[in-house]
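Engineer: Got a structure for you, written out below as structure tokens; questions coming shortly.
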Amino acid sequence: MNKIHFENLQETLYTETLDNGLDVYILPKKGFSKTFVTFTTKYGSIDRTFIPNGKTEEVTVPDGIAHFLEHKMFEKEEGDVFQKFSVLGGSANAFTSFTRTAYLFSATDKVYDNTEVLLDFVQEPYFTEETVEKEKGIINQEITMYDDLPDWRLYFGAIENLYHQHPVKIDIAGTIESIDKITADHLYECYETFYHPSNMVLFIVGAVQPEEMLAFIKENQAKKTFGEQAEITRLFEEEPNTAAIPERTLEMDVTKPKLSFGLKCTNVHLSGEAMLKQELAAELLLDVLFGRTSSFYKEAYEDGLIDESYGYSFSQEYGFGFAMIVSDTEDPDALAAKIRQTIEETKTSWSITGEELERIAKRKIGQFMRSLNSIEFIANQFTRYQFNEMDLFNVVPMIEKLTITDLQAAFATIQDEAGQTTFKILPKAKEDETN
């Protein structure tokens, strides 16, 4: 077992790659009574076209299948896996993102028993056509529910506008039409391709003894047989740097208009330290330009263009990335114009100083350090960083090294007007009540 000590954070990470290829990471936290365990595969909603394990021809599976598979993993011939966790006092959950699917639990007692349930149910697939058909109705209800959520539509509407080809533009849950095409054979094909231990990470954080836990995991894995795993080939169409749709409007049952302003990132084939640097630089850049201490924020708030719903973010994975600025607003066009003005002024007259960068960086470091007090935050973020060859515990040193030049480089990847889009949700027009 390897030990990596992070002096600046006073954390020690224990890690080992097992014979079957599974990467295990254990982070003991003194003073914690809870343990949080995640078992994650590098497989998400964008992995729709690939070469199945053991085959040579590419396939394209129905949209939403990664999320569908996540749901089906909890149903076994003997019953619902959630019941097993409940009996053991564990609180279990799962989620599917664009790039990964995670199964997890938290517990203060019987951690080894809960860990065994987690490992066993994820590594023992059970799908039948009958259970798949039953699940379609459940997923369809979920899709319909999200379709009625204005903030969800606002988020995905901007992403749909930004991308021409990349499957990030497709809702993680798929559509009612795509879900209807899923079969048990599809699920097994995806499972056998993406759920091999060599494509997965097991992360344990909290009240845990590393040597004992690793021995327990090794014993569990030694009882199982896994087939040969070829390197996974994922296939994506070439994506232009421009936004697919510059502007789009949707009417929904809202009392106040909503705006999402999207900026497409043009430097997206990154991993490791280069990705971490760009991601953190872009986040700090947005803090300076659009944060609560910025001129933009003060003026937009005073003009009534934004309210407490206002927010901004930068999202990046290998192959895609985007910044997004959102708010409820009485005048979405005026807000969009003010965002564009801020970007144009920054392009023509860069005014961010080293003093501003230092101030924002210190605040970012403080926020990150506070986040490390949450084992849920650590568990949910750690695997994403690992899959992108980044290190969660290198965030602080990287922020400390960022320069104005790094912020300018990040800005250059999202400043192009051709890569911008607006998605507006407006209140439905009232029907004429006159006869």
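The values are calculated or read from the model by the stated rules, or taken from the named source; none is laboratory data. Since this is a predicted model, take the numbers as computed values, not measurements. With ideal geometry, Cβ positions are generated from the backbone for all residues, glycine too; neighbour counts draw on all protein chains shown.
Conditions tested, residue by residue: (1) more than 11 Å from VAL201 (Cα to Cα); (2) aliphatic (A, V, I, L, M); (3) surrounded by 14 or more Cβ atoms within 10 Å (Cβ to Cβ); (4) within 21 Å of the chain's Cα centre (by Cα).
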| position | (1), (2), (3), (4) |
| --- | --- |
| ASN2 | yes, no, no, no |
| HIS5 | yes, no, no, no |
| GLN10 | yes, no, no, no |
| LEU13 | yes, yes, yes, no |
| ASP19 | yes, no, no, no |
| LEU27 | yes, yes, yes, no |
| LYS30 | yes, no, no, no |
| PHE39 | no, no, yes, yes |
| LYS42 | no, no, yes, yes |
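Engineer: Pick from GLU376, GLU400, GLU317: which is more than 24 Å from the chain's Cα centre (by Cα) and among the acidic types (Asp, Glu)?
Structural biologist: Exactly one residue qualifies, and that residue is GLU400.
Engineer: Only one of GLN221, GLN229 is modelled with pLDDT under 95 and not assigned by TED's automatic domain parsing to the domain that holds LEU392. Can you tell me which?
Structural biologist: GLN229
Engineer: Within the stretch 171-198, track down each residue that is in contact with a Gly (Cβ under 8 Å, 6 or more places away or on another chain), crowded, with 18+ Cβ neighbours inside 10 Å and closer than 30 Å to PHE314 by Cβ.
Structural biologist: Listed by number, the residues that qualify are ASP171, ILE172, ALA173, GLY174, SER178.
Engineer: Here is a further query. Does THR242 count as surrounded by fewer than 20 Cβ atoms within 10 Å (Cβ to Cβ), touching a Pro at 6+ places or on another chain (Cβ under 7 Å) and outside the structural domain of GLU160 (by TED's automatic domain parsing)?
Structural biologist: So THR242 fails the test.
Engineer: Give the residues of the stretch 283-296 that are over 19 Å from GLN415 (Cβ atoms) and of a type outside the set (S, T, N, Q), sorted by residue number.
Structural biologist: Scanning the stretch 283-296 gives a single hit, ARG292.
Engineer: What tally of residues in the stretch 3-40 results from selecting those that are in a strand (DSSP E or B) and either over 21 Å from TYR112 (Cα atoms) or not hydrophobic (A, V, I, L, M, F, W, C) (or both)?
Structural biologist: 16
Engineer: Collect the residues in the stretch 245-269 that are out of contact with any helix residue (DSSP H, G or I) (no Cβ under 6 Å at 6 or more places or on another chain) and either of a type in the set (D, E, K, R) or more than 23 Å from LEU305 (Cβ to Cβ) (or both), keeping them in residue-number order.
Structural biologist: Those that are out of contact with any helix residue (DSSP H, G or I) (no Cβ under 6 Å at 6 or more places or on another chain) and either of a type in the set (D, E, K, R) or more than 23 Å from LEU305 (Cβ to Cβ) (or both): GLU247, GLU251, ASP253, LYS256, CYS265, THR266, ASN267, VAL268, HIS269.
Engineer: In addition: Filter the stretch 284-296 for residues that are in contact (Cβ under 8 Å) with a residue 40 or more places away in the chain and surrounded by 20 or more Cβ atoms within 10 Å (Cβ to Cβ); which is farthest from ASN394 (Cα to Cα)?
Structural biologist: Checked the stretch 284-296; the qualifying residue farthest from ASN394 (Cα to Cα) is PHE296.
Engineer: Also, quick follow-up: Of the numbered conditions (1) assigned to a loop (DSSP other than H, G, I, E, B); (2) surrounded by 17 or more Cβ atoms within 10 Å (Cβ to Cβ), GLU228 satisfies every one except a single condition; which is it?
Structural biologist: Evaluating GLU228 over (1) assigned to a loop (DSSP other than H, G, I, E, B); (2) surrounded by 17 or more Cβ atoms within 10 Å (Cβ to Cβ) leaves (2) as the failure.
Engineer: If I ask for residues that are modelled with pLDDT of 95 or more and part of a loop (DSSP other than H, G, I, E, B), which ones from the stretch 53-73 would you list?
Structural biologist: GLU57, GLU58, VAL61, PRO62, ASP63, GLY64
Engineer: Right, ASN53: within 30 Å of TYR188 (Cα to Cα) and either in contact with a Lys or Arg (Cβ under 8 Å, 6 or more places away or on another chain) or outside the structural domain of ASP113 (by TED's automatic domain parsing) (or both) or not?
Structural biologist: Against the criterion (within 30 Å of TYR188 (Cα to Cα) and either in contact with a Lys or Arg (Cβ under 8 Å, 6 or more places away or on another chain) or outside the structural domain of ASP113 (by TED's automatic domain parsing) (or both)), ASN53 does not qualify.
Engineer: Can you confirm whether LYS424 is surrounded by 15 or more Cβ atoms within 10 Å (Cβ to Cβ), within 30 Å of LEU250 (Cα to Cα) and either under 20 Å from the mean Cα position of the chain (by Cα) or at pLDDT 95 or above (or both)?
Structural biologist: The answer is yes for LYS424.
Engineer: Among TYR188, TYR103, TYR155, which is the only one that is assigned to a strand (DSSP E or B), of a type in the set (Ser, Thr, Tyr), at pLDDT 95 or above and within 25 Å of the chain's Cα centre (by Cα)?
Structural biologist: Answer to the check: TYR103.
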